[in-house]
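Q: Please see the structure below; I have some questions.
The values are calculated or read from the model by the stated rules, or taken from the named source; none is laboratory data. It should be emphasised that the depicted structure is a prediction, and the values quoted were computed from it without experimental measurement. Cβ: placed from backbone, ideal geometry, glycine included. Neighbour counts: every protein chain shown.
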Amino acid sequence: MHKYIITGGPGAGKSTLLQALHQKGYTVSEEASREMIIQETAKGSNCLPWVDLPCFARKVLERMIQNYEHAHTASSTTFFDRGIPDIIAYLKVAQQPVDETYFHAVKQYRYSPLAFLTPPWQEIYVNDSERWQTFEEAITLFHAIKDMYQSLRYTILELPIASVEERVNFVISHI
C-alpha cells in the first residue's frame, strides 16, 4: 500500500495530525527521532542530537528503515511522522557530513511521491524535552526539509494552517 510522509519543521502539528489520522483508522508510524531521544536519555547516552548528531542520525536511520519495512507488510495506507530525507536535511543544517549510506537509503526506501509538509506555526509551537530548537531554528529546518524533498523529486503539498480536522480532510482529499 501507499506510504505517505508528513514532515516539516519541529512543532508544526505533525504528531497531532497523525494522531487524528490514526483515529480515522489509518496506520501511523511514530516519529523515530522523538522515540530515540526518550530512549537515549533514559540510558544516559551521549547519542543525542544536541551532543552527537552523527551517532543519533545513524540510529534514527536504522529505526526509520525498520519502520518502513514494517509498514511494507501492512495492508493499509501508512502515514509516517517524518521520512529518511529528513535526516539528511537535519545533518546539512548542522553542517555535518552526509555519507552515501543516507543517499542509498532514500533511493532504496522510497515513499509515495506525494509528501505533506507542515509549515511553521508560531501559535502552536512549544519546546519540550525532545524539541529543543527555537522557533527560528524550526523555520530554518522547515526550509531545509522542503528543499531536500524537492531535490529528491517528491511532490510537496503544504498543509494549511488550520484546525486538525481541516488538516485531516486536506490530507485525505489528496491521497
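Q: Do any residues in the stretch 82-106 that are touching a residue at least 24 places away in the same chain (Cβ under 8 Å) have Cβ atoms under 6 Å from those of residues that are among the hydroxyl-bearing types (Ser, Thr, Tyr) and not in a helix (DSSP H, G or I), where the two are at least six apart or on different chains, and which pairs are they?
A: 82/7; 83/111; 84/109; 86/7
Q: Would you check if there is a residue in the stretch 34-47 being touching a strand residue (DSSP E or B) at 6+ places or on another chain (Cβ under 9 Å) and either of a type in the set (A, V, I, L, M) or closer than 18 Å to residue 83 by Cβ (or both)?
A: Yes: one or more hits.
Q: Here is a check on your reading of the model: is residue 136 exposed (fewer than 14 other Cβ atoms within 10 Å of the Cβ), modelled with pLDDT of 95 or more and closer than 22 Å to residue 49 by Cα?
A: When the stated conditions are applied, residue 136 does not pass them.
Q: Filter the stretch 4-35 down to the residues that are over 22 Å from residue 53 (Cβ atoms) and in a loop (DSSP other than H, G, I, E, B), then identify the one that is nearest to the chain's Cα centre (by Cα).
A: Checked the stretch 4-35; the qualifying residue nearest to the chain's Cα centre (by Cα) is 13.
Q: If I ask for residues that are surrounded by fewer than 22 Cβ atoms within 10 Å (Cβ to Cβ) and polar (S, T, N, Q), which ones from the stretch 3-28 would you list?
A: Hits for the stretch 3-28 are 15, 16, 19, 23, 27.
Q: Counting only residues that are assigned to a loop (DSSP other than H, G, I, E, B) and over 11 Å from the mean Cα position of the chain (by Cα), which one in the stretch 65-88 is surrounded by the most Cβ atoms within 10 Å (Cβ to Cβ)?
A: Restricting to residues being assigned to a loop (DSSP other than H, G, I, E, B) and over 11 Å from the mean Cα position of the chain (by Cα), the top hit is 77.
Q: Can you find a residue that is under 14 Å from the mean Cα position of the chain (by Cα), part of a helix (DSSP H, G or I) and surrounded by fewer than 23 Cβ atoms within 10 Å (Cβ to Cβ) anywhere in the stretch 38-60?
A: No, the stretch 38-60 contains no residue that is under 14 Å from the mean Cα position of the chain (by Cα), part of a helix (DSSP H, G or I) and surrounded by fewer than 23 Cβ atoms within 10 Å (Cβ to Cβ).
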